[in-house]
Amino acid sequence: PDDAHAVVPLIIDAIGDIANRLTGEQSSEAVSQELTILFQRDDNRHSYLNTFVATEGEQILGILVYYFGAHAVDMDANLVKWLEEKNASSIIIDQEAHEDEAYIDTVCVTPEARGKGIGTLLLQFAEELTKQRGYKKLSLNVETQKEDARRLYERLGFVITEPWSIIDEPFHHMVKQF
């Protein structure tokens, strides 16, 4: 939870407008503040419990938010309850993975560490975690216009399995099976 100051901006960088929906906020300052609260809690998708960091010394170079699809049901119910208590204008939380998949929710690398293989290392870490936990599928969603990212995921063995929609935006749902 102490890493929130470094982790939250990376989450926001990776998920963009989805952060507004998850926090029920519109201004960038309010989104950051509320996502910090969510990160410090233990009951939602973007909790510190689901966040892994790549570091060099004390510096955070990148993050991975990872969880099992079946666990998302309860985590999202907690998030909806929190949003309702805040009287948020939109409390629709889109499902992002099937219940039988380990899921990479977010991967982001700091601008100064990009191009150095940190993202690939985080994805490989997710693969190892998936195998260690006995899961058979690892999934992620990539925006349809992010062709470079899609090609990277394909090089790592992910295949597009179906179209997906998150906050009414088109995504490719990609899966790697073990």
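Taken together, the values in this text are just the output of simple stated rules run on the coordinates, not laboratory data. What you see is a predicted model; the values in this text were computed from it and never measured. Methodologically, a virtual Cβ is constructed for each residue, glycine included, from the backbone with ideal geometry; neighbour enumeration extends over all protein chains shown.
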task: Count charges around LYS81 for me, please; just the other residues with Cβ under 11 Å from its Cβ, Lys/Arg as +1, Asp/Glu as -1.
output: -4
query: Using modelled amide H (1.01 Å from N, peptide plane; none on Pro or chain starts), what sits under 5 Å from the amide H of ASP105, excluding residues fewer than 5 places away?
result: VAL65, TYR66, TYR67
- prompt: Can you list, largest first and rounded to whole Å, the semi-axes you get for region 99-168 by taking the square root of 5 times each eigenvalue of its Cα gyration tensor?
  reply: 19, 18, 11
message: Around SER47, under 13 Å between beta carbons, what's the net of Lys plus Arg minus Asp minus Glu among the other residues?
response: -4
message: Using only the alpha carbons of region 47-127, what is the convex hull's orientation-averaged projected area in square nanometres?
response: 6.7 nm²
